[in-house]
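Reading through the structure tokens given below for one structure.
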Amino acid sequence: MDTRELGLLVERARALVAGGERRVLGIAGPPGAGKSTLAARLAARLDGLAALVPMDGFHLAQAELERLGRAGRKGAPDTFDAAGYTALLVRLRAAEPGVTVYAPAFDRALEEPVAGSIPVPPDVPLVITEGNYLLHEGGPWAHVLPLLDEAWYLDLDDRRRVPRLVARHVRFGKDPARAARWVAESDEANARLVARSRDRAHLVVRMS
């Protein structure tokens, strides 16, 4: 994404908070599409107007995934606390005066969520949240989109997205063969599911 394209997205995000009230912008898309990168760049360019709260902080802990028999599908919709994420969005929208809301983060080095990691002060007008399933219609995920003032879907060609995703897994500790297998068997199943909700977005952003 070039500087001009990013600038247009920054101005679109800035317009959401022109009235001064708390707004929530959601950025969705398949694994490896660039959601976290774009969200971070937006927040940085908005210079104090935005807090970044990723959906990934609501991954279930590894021990719980193993107890449920879902560890081999980590990243699928039912491996997150979707109801907890929705409850956080409700709190964030309310922006109670004088109350800082703390959100969890996901530590990729540990492969675990870490509670209370992200402070969202009440005077920050925009919350940017990003994740795979913001537009998903299944189960408690269906409650997410109505809590977003605007939702964007990031669209990146699979020929670029898949190698980028494999490289990310390698960077965080998987050997190349295991990384490629995980992407093929797990991440791409999730990507196909995410793509089915593309048309629910207010804006489709073509990534490069």
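Every number in this text was worked out from the coordinates using simple rules, so none of it is lab data. In this text, all values refer to a predicted model and were calculated from it rather than measured experimentally. Cβ sites come from the backbone with ideal geometry, for glycine too, and all protein chains shown count toward neighbours.
Summary table below
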| item | result |
| --- | --- |
| Between helix 3-16 and the chain: long-axis angle, C-alpha atoms, 0 to 90°, nearest 10 | 60 degrees |
| Candidates Gly84, Gly75, Gly19, ranked by Gaussian network fluctuation over the chain, Cα under 10 Å, top entry | Gly19 |
| In nm, spacing of pseudo-spin labels at Arg91 and Phe172 (7 Å Cα→C-beta vector) | 2.3 nm |
| Fully extended contour minus Cα-Cα distance, from Asp123 to Arg192, at 0.36 nm per residue | 21.1 nm |
| Cα Rg, Dmax, segment 1-83, angstrom units | 16.2, 48 |
| Segment 70-110 versus segment 152-185: alpha-carbon centroid distance in Å | 23 Å |
| Where only alpha carbons of the chain are counted, the Rg and the Dmax (Å) | 16.6, 50 |
| For the chain, built as a Gaussian network whose Cα springs stay under 10 Å, the top-fluctuating residue of Ala15, Ala50, Ala189 | Ala15 |
| Crossing angle, helix 82-94 versus the chain [Cα axis fit, 0-90 degrees, rounded to tens] | 10 degrees |
| Percent antiparallel among DSSP beta bridges (both partners in the chain, rounded to 5) | 30 percent |
| Two-site FRET efficiency, Glu11 against Leu68, from Cβ-Cβ distance with R₀ of 41 Å, rounded to 0.05 | 0.40 |
| Angle in degrees between helix 35-45 and the longest Cα principal axis of the chain, rounded to the nearest 10 | 30 degrees |
